[in-house]
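Following: one structure in structure tokens, then a few remarks.
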Amino acid sequence: MGYLLTEEKRKELVAAAVAAKAGAYCKYSQFRVGAALLTTDGEIITGANVENASYGLTICAERTAVFTAVTALPAKPRPFAAMAIAADVDPPVSPCGACRQVLAELGTAELEVIMVGADGTTVCRTLGELLPLSFSLSR
Ligand SMILES: [Zn+2]
């Protein structure tokens, strides 16, 4: 959608993802993940992973952020511009397949995904690179 991700906004998004790790509920894995989603009007919505004793019910940080953004900002423009994901490991983690598909529902192939490692190293890919030929009913 032509959103220009400035270096300042990129740093803000990465910092938001790192800070969002504090919200993780990960008593089983101890694996904290924070995600920060940037809307095309510059707003940042965050999320963290929320685990469950029934492991399959666990939700990733990325989907927490997307679902929060969708429900909190029903009238806001989509698709989203970028997402940063932070965890306490190196190299940085990339979004799981389920989260890639959820991002594809509301983002374009150009959506920038910034993966942030424990030491602050970032790896950037577009959603189209992470999930080519995503499932869609509108083709
Ligand atoms: Zn996921």
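If you only keep lysine pairs separated by 8 or more in sequence, or across chains, how many in the chain come under 24 Å at the Cα atoms?
Number of lysine pairs found: 4.
Roughly to the nearest percent, how much of the accessible area of the range 7-130 is carbon and sulfur, given a 1.4 Å probe?
55 percent
Which whole-Hz ³J(HN,Hα) couplings does the range 35-44 yield from phi under the Karplus relation 6.51 cos²θ - 1.76 cosθ + 1.60, θ = phi - 60°, glycine and proline marked x?
My calculation for the range 35-44 gives 10, 9, 10, 9, 7, 6, 9, x, 7, 10 Hz in order.
Can you work out the Karplus-derived ³J(HN,Hα) for every residue in the range 114-128? Use 6.51 cos²θ - 1.76 cosθ + 1.60 with θ = phi - 60°, whole Hz, and x for glycine or proline.
10, 9, 10, x, 4, 8, x, 4, 10, 10, 10, 9, 7, 4, x
Provide the solvent-accessible area of ASP88, counting protein heavy atoms only and rolling a 1.4 Å probe, rounded to the nearest 10 Å².
That residue has around 70 Å² of solvent-accessible surface.
Using Cα pairs closer than 8 Å and at least 6 residues apart in sequence, work out the relative contact order for the chain, in percent.
20 percent
Can you tell me what the convex hull of the Cα atoms of the chain projects to on average, as an area in nm²?
8.4 nm²
Find the accessible area per residue for the range 7-130; the probe is 1.4 Å, ligands and nucleic acids are left out, and the unit is Å².
With the other protein chains kept in place, the range 7-130 gives 46 Å² per residue.
Taking the Cα centre as origin and putting +1 on Lys and Arg beta-carbons and -1 on Asp and Glu beta-carbons, what dipole magnitude results for the chain, to the nearest 20 debye?
Here the size comes out at about 320 debye.
Which residue, ALA35, ALA86, ALA19, has the most motion in a Gaussian network model of the chain that connects Cα atoms within less than 10 Å?
Result: ALA19 has the largest fluctuation of those listed.
Please find the FRET efficiency linking ALA72 to GLU105, where r is the Cβ-Cβ separation and R0 is fixed at 22 Å, and quote it to the nearest 0.05.
It comes to 0.85.
Where does each of ARG100, ARG32 land when they are ordered by accessible area, with a 1.4 Å probe and the largest first?
Sorted by accessible area, descending: ARG32, ARG100.
To the nearest 10 square angstrom, how much accessible area does PHE135 have with a 1.4 angstrom probe?
So the heavy atoms of PHE135 present about 140 Å² to solvent.
Helix-only mean residue ellipticity at 222 nm, the chain, DSSP H runs n ≥ 4 weighted -39,500 (n - 2.57), per residue, nearest 500. What is it?
-8500 deg cm²/dmol
The values are calculated or read from the model by the stated rules, or taken from the named source; none is laboratory data. Since the model is a prediction, treat every value here as computed from it, not as a measurement. Every residue, glycine among them, receives a Cβ derived from its backbone with ideal geometry; neighbour counts consider all protein chains shown. Calculation scope for accessible area: heavy atoms of the full protein, side chains included, ligands and nucleic acids excluded. Shrake-Rupley method; radii C 1.70, N 1.55, O 1.52, S 1.80 Å.
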